[in-house]
Structures are given as structure tokens and as C-alpha cells.
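Notes for the one structure printed next.
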Amino acid sequence: MSHPKRPPGGFPVVGVVGGGQLARMMHGPAVELGIQLSVLAEDELAAAALAVPSAPVGDHRDVDALREFARHCDVVTFDHEHVPQSVLETLEDEGVVLHPPRAALRFAQDKLAMRQRLTELGIACPRWVRAGSAAEVSAFGDAVGWPVVAKTPRGGYDGKGVAVIRSAEDVADWLDRVGQPGPVADGILLEEKVDFVRELAVLVARSPSGQAAAWPVVETVQADGICTDVLAPAPDLDPELAAIVTEAALRIAGELGVTGVLAVETFEVRDEDGRAAYRVNELAMRPHNSGHWSMDGAVTGQFEQHLRAVLDLPLGEPTARAPWTVMANVLGGDYEQLYPAYRHIMARDPGAKVHVYGKQVRPGRKVGHVNVSADDLDAARARARHAADYLRGVVTE
């Protein structure tokens, strides 16, 4: 396993478990901060391994691989939430500094644990229950109204491990695996299907010393369980609701002991009196797709802020640089070779910031994103969407 070169001047080495695009996008800010990044990558062609000089290959489930990797780092953080709790416990017992810590990561890894803890804290959530049998599924659906949302407590992301169901038969295969090792070992999470106005997200960062900062609340636009666009800030958002969801996110970060970036995905709803309210949908304890706009649209982007936070450095200013910034995800499409389309977008719209992840193009796979900042929301949205669609091959002009 290759080891990172320690930078001069006493600057630290930050280890990132996982070689995906999030680890890759930490590299630029790390260089600017004078920090050395090291990535434990899945393979030598992982997105981050193509960019970060120190990128040993190892399995995130292998305690020996993580132990050796961490031995050369001052702090270890994560590109994903899939490192087993048993591995995290061993590392912490041996003195490895993890941010976020194992106790906090549990609530990002286990949706049932997350729902239970947020409910105890009085955070607004959809009505939910743990179900381990067809009778319990049917009882919940009858109580809150069909259809309901079923989730595997562990392992789901980008719409995977989530199903909208109309009867217990729709999750019969999951119920058959309850009690066995795997994503539904402790049961299925059932939630009411929320009648929402739109989806919002708020990102905050928190350091070990307790300093915290929050970016503006954004609107996320979803299609087939995948975020396609992010509008920053969320247009026409009630300022009172913006303050409420931001306070909730900061409270969650503090109560759960999160260090680094925390993304809180929420539904905007209307309460019984017709007033704007929220329900928390998901948590992510790492930089997040809904924060990619901040790379170009905020004074301090989420990747720099995450590094600052896990090192307990003073946090940067999170305010927006422009009235509007729109992020459009680039999904794999007709072009296996993105570079010609990339050149076209740069020439057509010099103000568009195109970020590609160094990933093999596959249909529907996230391979990059485009950020556009402007004084006019509609113009920013049209430019960002055109660029993303051109890179996918949906438009050709």
C-alpha cells in the first residue's frame, strides 16, 4: 500500500475512505489549503484515484486495510457511509480520529435508528413504523393510507432500496429476508407518502469544537429518485421556514455529534392551517449532491468546508456569491467520450462551470455536473440544463 507524503510546515494528512467523486472533489480544496489528501480507493481507476497522488487500493470492509491506511493520516473521513460499524469501532478503539465519528455515522447508515432519534428530538418527520411482517405492513398502510413508502434501513441511495407500495405483497421479498444478515435484518422502515409541495435541502458544517455554519436552503428537483437540478437559494421560500429548517439541521448536527458536512433533505409541506412546514426525509454525513452548487456559487464551497471542519479549522463563510446558482447533474447518455461535448459547452457558455468525475459513462450514471450563476433564475436554469443535456446527448445544438 502506497503512503502519502507528509507536507512540510506541519500541515496534516486527511484520509478519505472511498474513491468516488466526492473524494475527488476534495482534492482541489485540499491543495489550496495546503493539506495532503490520501484516498482509500476501490480500485486504481476509481474517480478519486485518477486525481489524488496517494490513492492506495483497499476494501472499506477490511479492518486491516483501513488500519494500515489510517496509520498514515491525521484524521480519517468518508466518501460514503458504508464502512461497517464493527470496523469503525475497532479503529476508534485504536485511537484513529474519525470525522464524523462512529456514533454519528450510525444514524446515516441505519434509517430506522435515524427515524427513532429524530423523533425523540422532536424533529418533524413523516409518520413511520418498523415492520417485520405482512400484518404489520398492512396495519400501517390501513392506518395512514395507501400507498406508503418502504425503505431498506441500510444500503439504499439514489432511489435504491426505496419502493412505493400498495400492499404487503409488494415487499414480500424484503419481508422474507427480515432477521437475516443484510439491509433489512432489523425490519423494514415504512413511512407515510408525504403530500409535499417540493423538496428542499439544507447543508451545514460542524467542527469538533462545536463551530457550525449553514449554506442557504436550496430546492432539489428529482426525477426517478435521482436529483437532476438544484436551485440555490430555494426560490420563493418563506423566510420563516428557511430559518426553521436551518435551525433544525444545526440542531441535528449538534445532537447527533456530526463533524464535517451534514445534508438534511426535507419535504416542504403545508400544515393544517395552510402554513409552510417541513418533514425530514434523509440525512447524509458527508458532502452531498445538493451542495455541489457551492463549489462555484458560495464564498466557501462544501468540499473546502468539510476539510476545515474535520480538521477543526475555523470554518469559512458560506454565503452565496450571486443571486442565483443552479446546479444540473450530468447523467450518462449517448456519448461514451465526453471530451468533445465538454469543449463545445465551454465555447458556447464560458460562464458555465463544468465538473466531470472521471467515471466511465453508463446510461443514467452521474458523471458530472454543471454550475451556472446569474442574476436571473430562469436564465441560470436554462443554461445549466442545456449544458447538462448536451453532455448527455439529449440536445445537439
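Only one residue in 291, 254 is touching a residue at least 12 places away in the same chain (Cβ under 8 Å), closer than 22 Å to residue 375 by Cα, small (Gly, Ala, Ser) and in contact with a strand residue (DSSP E or B) (Cβ under 9 Å, 6 or more places away or on another chain), so which one is that? Break it down stepwise before answering.
Details: 254 fails: closer than 22 Å to residue 375 by Cα.
Among 291, 254, only 291 is touching a residue at least 12 places away in the same chain (Cβ under 8 Å), closer than 22 Å to residue 375 by Cα, small (Gly, Ala, Ser) and in contact with a strand residue (DSSP E or B) (Cβ under 9 Å, 6 or more places away or on another chain).
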(1) free of Cβ contacts under 8 Å to residues at least 60 places away in the same chain; (2) part of a helix (DSSP H, G or I); (3) not assigned by TED's automatic domain parsing to the domain that holds residue 46: which one isn't true of residue 114, the others all being true? (1)
Look at residue 31 and say whether it is out of contact with any strand residue (DSSP E or B) (no Cβ under 7 Å at 6 or more places or on another chain) and surrounded by fewer than 16 Cβ atoms within 10 Å (Cβ to Cβ). yes
Looking for whichever is of a type in the set (S, T, N, Q), more than 30 Å from residue 384 (Cα to Cα) and without any contact (Cβ under 8 Å) to a residue 40 or more places away in the chain here; the options are 133, 138. Which one fits? 138
Given the conditions (1) under 22 Å from residue 287 (Cβ atoms); (2) in contact with a strand residue (DSSP E or B) (Cβ under 7 Å, 6 or more places away or on another chain), and given that residue 44 satisfies all but one, which numbered condition is not satisfied? (1)
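Would it be correct to say that residue 358 is in contact (Cβ under 8 Å) with a residue 12 or more places away in the chain, on the phi > 0 side of the Ramachandran plot and in contact with a helix residue (DSSP H, G or I) (Cβ under 8 Å, 6 or more places away or on another chain)? Break it down into steps so the answer makes sense when it comes.
Working: in contact (Cβ under 8 Å) with a residue 12 or more places away in the chain: yes; on the phi > 0 side of the Ramachandran plot: yes; in contact with a helix residue (DSSP H, G or I) (Cβ under 8 Å, 6 or more places away or on another chain): yes.
The answer is yes for residue 358.
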State whether one or more residues within region 374-384 are under 20 Å from the mean Cα position of the chain (by Cα) and crowded, with 18+ Cβ neighbours inside 10 Å. no
Here is a check on your reading of the model: is residue 212 farther than 15 Å from residue 320 by Cβ, outside the structural domain of residue 371 (by TED's automatic domain parsing), of a type in the set (A, V, I, L, M) and touching a residue at least 60 places away in the same chain (Cβ under 8 Å)? yes
In region 220-241, how many are farther than 18 Å from residue 302 by Cα and free of Cβ contacts under 8 Å to residues at least 40 places away in the same chain? 9
Looking at (1) surrounded by 15 or more Cβ atoms within 10 Å (Cβ to Cβ); (2) assigned to a loop (DSSP other than H, G, I, E, B), can you tell me which one residue 210 breaks? (1)
All but one of (1) modelled with pLDDT under 95; (2) crowded, with 21+ Cβ neighbours inside 10 Å hold for residue 215, so report the exception by its number. (1)
Filter result for the condition that a residue is among the hydrophobic types (A, V, I, L, M, F, W, C) and surrounded by fewer than 18 Cβ atoms within 10 Å (Cβ to Cβ), over 45, 88: 45
Among residues of region 342-369 being over 14 Å from residue 328 (Cβ atoms) and in contact with a Phe, Trp or Tyr (Cβ under 9 Å, 6 or more places away or on another chain), the residue surrounded by the most Cβ atoms within 10 Å (Cβ to Cβ) is 361
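The values are calculated or read from the model by the stated rules, or taken from the named source; none is laboratory data. The structure presented is a predicted model; accordingly, all values stated were derived computationally and were not measured. Neighbour counts run over all protein chains shown; Cβ positions are idealised from the backbone, glycine included.
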